[in-house]
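Data first, discussion second: the structure below is written as C-alpha cells.
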Amino acid sequence: LSYSFCTLLFTVMDDEFDVEHLITQLYADCKPITEHQVTSLCDRARDIFSLESNVHVVNAPVTVCGDVHGQFHDLIELFKIGGKPPDTNYLFMGDYVDRGYHSVESLTLLLLLKVRYKDRIAILRGNHESRQITQVYGFYDECMRKYGTVNVWNTFTQLFDFMPLTAVVQSSIFCLHGGLSPSLDTLDHIRQLERVQETPHEGPMCDLLWSDPHEDEKPGWGVSPRGAGFTFGADITSQFNRNNSLTLVARAHQLVMEGYNWCHEQQVVTIFSAPNYCYRCGNQAALMEVDEHMNKTFFQFDPAPIRGDGHDIVTRTPDYFL
C-alpha cells in the first residue's frame, strides 16, 4: 500500500470516529454506533484504562453513581440532575449492562465520555461486567440482536477486563461496586491484584465486585446468599477504614428503595442509580455529590418518561436479584 493511500485510509477511519459527534448523536437519539466504531472506541478506552491503577485516584468535587443497568433514558435523566460532563466530574461504580433495554447505548455513551474527558469521568468494573453474567442477564442477547454478530459482545467484554476495580476520592472515600474481602486488608493489597482477566468465581477480585455489608448488627464475615463474595459487619468496615485512613466506603450492587442507604454507623453508603429497576421495582435512584470540602449531598430522582423500543425484549427470571 502506498503512503498516500494509508494516510487516506486512516483519515477516513478517524472521520468515522468523531467522539464529539457520536456523543451528541447518542444524547439526541438512542441508537447503536457501528461495529467498526465500537472497535475504535474500545481500543481507545483500553489504552486509558490500562494506565489507571486498581485503586484509581479521583479528586473532589465529584458525583458518585451506582448501577445503571442499561436504562439509557434514566442515564440521560441522571445527567440532567447531576450535570453533563465535563461540567460535572463523575465516578461510576459498575453494572452498566444487563436487565435494561439499552445496555449497548448506555455503555457506549459512558465509554465515549471517558475517551473524550478521561480525567473527568471514572468508570469502575461491576459484577455484571463479565462474560459469564452478560450471557445470562441480557447484554449478550442485546448485542446479537442489534449487531447480528458476536464480535461486538467480544469487544466489549474484553474491555471489561481492563476497567479499574476501585477508586479513592481525596484519600478519604473508598469506592467500589461490591464490598470488602477477607483477603484484602489494605489498599496496597488491592493495587497488587492482577485484574486483567474474567472475574474469578472466588478470591479477592471476586469479593470486591460481589460482597455486601450485613444489614443487621452481625459482626465479622458471613456467607453471601449470592453464592459469590461475602457479607461483612460494621467491625470489618471499621478496621478496614482505620487501616487505610478512610472515612467512608461508598458502593453500589444492591437495590435500595430510596436510591441510597447508610449502614455500619454511617461508615458505608450504598448508592443505586437505576430508578424503577427492571422497569417494575418502583424505587428511586440517587447520586452522591462530593464537593471540594468533602461535604456529601444526595440527589434522588425518578424514572425518565417512558420511551424506547423495549417491546421486543425477552426477559428472564433472575437467579439472584441484583
- Item | N295 versus N59: modelled label distance in nm, points set 7 Å from Cα along the beta carbon direction | 2.1
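Fully extended, how many nm does the chain gain between E215 and S50 (0.36 nm per residue separation, minus their Cα-Cα distance)?
55.9 nm
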- Antiparallel content of DSSP bridges confined to the chain, in %, to 5: 50
- Query: Distance from the Cα centre of the range 172-198 to that of the range 77-92, in angstrom?
  - Reply: 26
- Using only protein heavy atoms and a 1.4 Å probe, report how much of S238 is accessible, in Å² to the nearest 10. 30
- Item | Electrostatic dipole magnitude of the range 192-243 [Cβ: Lys, Arg +1; Asp, Glu -1; Cα centre; debye, to 20] | 120
- Once you charge only the Cβ atoms, +1 for Lys and Arg and -1 for Asp and Glu, what is the size of the charge dipole of the chain about its Cα centre, to the nearest 20 debye? 60
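For the cross-link pairs K114/K296; K31/K118; K31/K146, which exceed 18 Å when the distance is taken from alpha carbon to alpha carbon?
From K114/K296; K31/K118; K31/K146, over 18 Å: K114/K296; K31/K118.
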- Message: Using 0.36 nm times the number of residues separating T39 and E265, minus their current alpha carbon distance, what extension gain do you get?
- Response: 76.9 nm
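The values are calculated or read from the model by the stated rules, or taken from the named source; none is laboratory data. No experiment lies behind these values; they were computed from the predicted model shown. Don't worry about glycine lacking a Cβ; one is built from the backbone with ideal geometry, like all the others, and counts go over all protein chains shown. These area figures cover heavy atoms from the full protein model, side chains too; ligands, DNA and RNA do not enter into them. Shrake-Rupley method; radii C 1.70, N 1.55, O 1.52, S 1.80 Å.
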